[in-house]
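Accompanying notes for the structure given below.
The values are calculated or read from the model by the stated rules, or taken from the named source; none is laboratory data. Worth saying up front: this structure is predicted, and the values here are computed from it rather than measured. Virtual Cβ from ideal backbone geometry, glycine too; neighbours counted across all protein chains shown.
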Amino acid sequence: MTHYKIATIAGDGIGPEVTDATVKVLQAALGRDALHFEMLDGGAAHYRKSGEVLPEDTFTACRDLDAVLHGAAGLPGVTYPDGTEVGNELHLQLRFRLDLYANVRPVKLLSGVTSPLRAFEEGGIDYVIIRENTEGLYASRGAGVLLRGEVATDTLMVTRKGTERVARFAFDLSRKRNGAPRDGKRRVTVCDKANILRSYAFFRGVCDEVAADYPDVEIDYAYADAITVHLIKRPDFYDVIVAENMFGDIISDLGATTVGGMGISPSGEIGDNQALFQGAHGSAPDIAGQDVASPLATILSATMMLRWLSDRHGDATLSEAAARIDGAVDKVLAQGAAVPRDLGGTAGCTEMTDAICRALG
Ligand code: ATP
């Protein structure tokens, strides 16, 4: 079997625990030799020791190896003089320097998980948010203007190139899926505030132009405020949602909550040449080191990584392993063999990991 090298940054807080758990599950599914995990420094604790949040050799490995797997970064109190968090910088630098423009956030209700929206059962919620990841309001980070301690501004940036490629990513993804649970229709919903700002109207306009190349996929629009209501009231209407960076950030936390929370929600950040996979949650310092964190978000992010590698290298063993791991997670949750604490159970990180490895066996 081909060997793939995975640039692995465990990071801070619960990052090392959920990363260890994920490595164990991947090795249980694929054997010990298929993936080589290159463990790399980086994050807020590393910054405290060395003054660097993302050392250059870590960046080089992330750029050159086959994929990037990340636990989480960030610690309370480790901040820059302007008050912004150091930990976020690791991720943001990787996003921009590796040009990971599509942040893919699946929102899917798994068996055995009770949604706060109880009317919906397994598969009744199943959509993917594509958050534009390199522009929008967050492109201003570090470049905003603070004037005489009186006025602060950050600029929202939307480009044709940036919007076009992420819109195309969303339409291509819809073509690979089975449509929205409600009506089986392939649909891309553009989330913006085109009614208020010219930049968002432009974002919508470029999405419209891209939609013309996909007559088999319906285009739909939702203002960012309205979609927070729709994702609660009719989540089954959605298939793929494409959103500007900050709106994508906000609605993916909302979507995650409707299917069990951050501890079960995966994410992949995908560019043309590299991709980074990490659970949707942060470093959760409040529960770090206690073996209580759920490893599910990171494990499900790793199955996204296997599918991405499989497509890229035409290696079906990886997508088969991803399906087996997803199946093992489903089985463990559906049978209640182990239920993590954030889903109302008592299983810690080790117990969840062992249960998934057993289900794989
Ligand atoms: P960031 O800003 O980096 O996204 P945050 O501080 O906003 O991070 P998290 O670190 O995700 O948010 O933590 C939010 C809450 O969710 C915390 O109370 C934490 O304990 C809980 N939490 C996060 N991840 C997990 C997990 N994997 N398992 C269980 N609980 C978790």
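Remarks
- Filtered by the rule that a residue be of a type in the set (S, T, N, Q) and under 23 Å from the mean Cα position of the chain (by Cα), segment 73-84 gives a lone residue, Thr84.
- Of all the residues in segment 231-272, those that are in a helix (DSSP H, G or I) and under 23 Å from Arg175 (Cβ atoms) number 8.
- Scoring Asp99 on the criteria (1) in contact with a strand residue (DSSP E or B) (Cβ under 7 Å, 6 or more places away or on another chain); (2) within 26 Å of Cys207 (Cβ to Cβ) leaves a single failure, condition (1).
- At least 2 residues being more than 29 Å from Glu122 (Cβ to Cβ) is the threshold, and among the strands (runs of 3 or more DSSP E) wholly inside segment 138-218 those reaching it are 145-147, 151-153.
- Taking (1) among the charged types (D, E, K, R); (2) under 27 Å from Gly344 (Cβ atoms); (3) within 18 Å of the chain's Cα centre (by Cα) in turn, Lys233 satisfies each apart from (3).
- Some residue of segment 303-312 being in a loop (DSSP other than H, G, I, E, B), at pLDDT 95 or above and under 16 Å from Asp20 (Cα atoms): no
- From Leu30, Leu35, Leu69, Leu40, residue being within 16 Å of the ligand (Cβ to nearest atom), touching a residue at least 12 places away in the same chain (Cβ under 8 Å) and outside the structural domain of Tyr138 (by TED's automatic domain parsing): Leu69
- Candidates Gly74, Gly123 - the one that is of a type outside the set (Ser, Thr, Tyr) and surrounded by 16 or more Cβ atoms within 10 Å (Cβ to Cβ): Gly74
- All of (1) without any contact (Cβ under 8 Å) to a residue 60 or more places away in the chain; (2) within 15 Å of the ligand (Cβ to nearest atom); (3) assigned by TED's automatic domain parsing to the domain that holds Ala61; (4) among the charged types (D, E, K, R) hold for Asp253 with one exception: (3).
- Candidate set from segment 107-161 (those that are modelled with pLDDT of 90 or more and basic (Lys, Arg)); member that is farthest from Gly261 (Cα to Cα): Arg148
- Residue in segment 226-244 that is surrounded by fewer than 18 Cβ atoms within 10 Å (Cβ to Cβ) and small (Gly, Ala, Ser) present: yes
- Tabulated pairs, segment 282-306, first touching a residue at least 12 places away in the same chain (Cβ under 8 Å) and within 14 Å of Val339 (Cα to Cα), second of a type in the set (D, E, K, R) and buried (at least 22 other Cβ atoms within 10 Å of the Cβ), C-beta under 8 angstrom, 6+ apart or interchain: Asp291/Glu17; Ala293/Glu17; Pro295/Glu17
- Checking Ala222, Ala288, Ala226 one by one, the residue that is outside the structural domain of Gly184 (by TED's automatic domain parsing) and among the small types (Gly, Ala, Ser) is Ala288 and no other.
- Within segment 85-120, the set of residues being surrounded by 14 or more Cβ atoms within 10 Å (Cβ to Cβ) and more than 21 Å from the chain's Cα centre (by Cα) comprises Gly112, Leu117, Phe120.
- Glu351 being within 14 Å of the ligand (Cβ to nearest atom) and acidic (Asp, Glu): yes
- Any hit, segment 47-62, residues being under 19 Å from the mean Cα position of the chain (by Cα) and closer than 23 Å to Arg324 by Cβ: no
- Criterion: of a type in the set (Gly, Ala, Ser), within 14 Å of the ligand (Cβ to nearest atom) and assigned by TED's automatic domain parsing to the domain that holds Tyr4 - qualifying residue of Ala328, Ala323, Ala297, Ala275: Ala297
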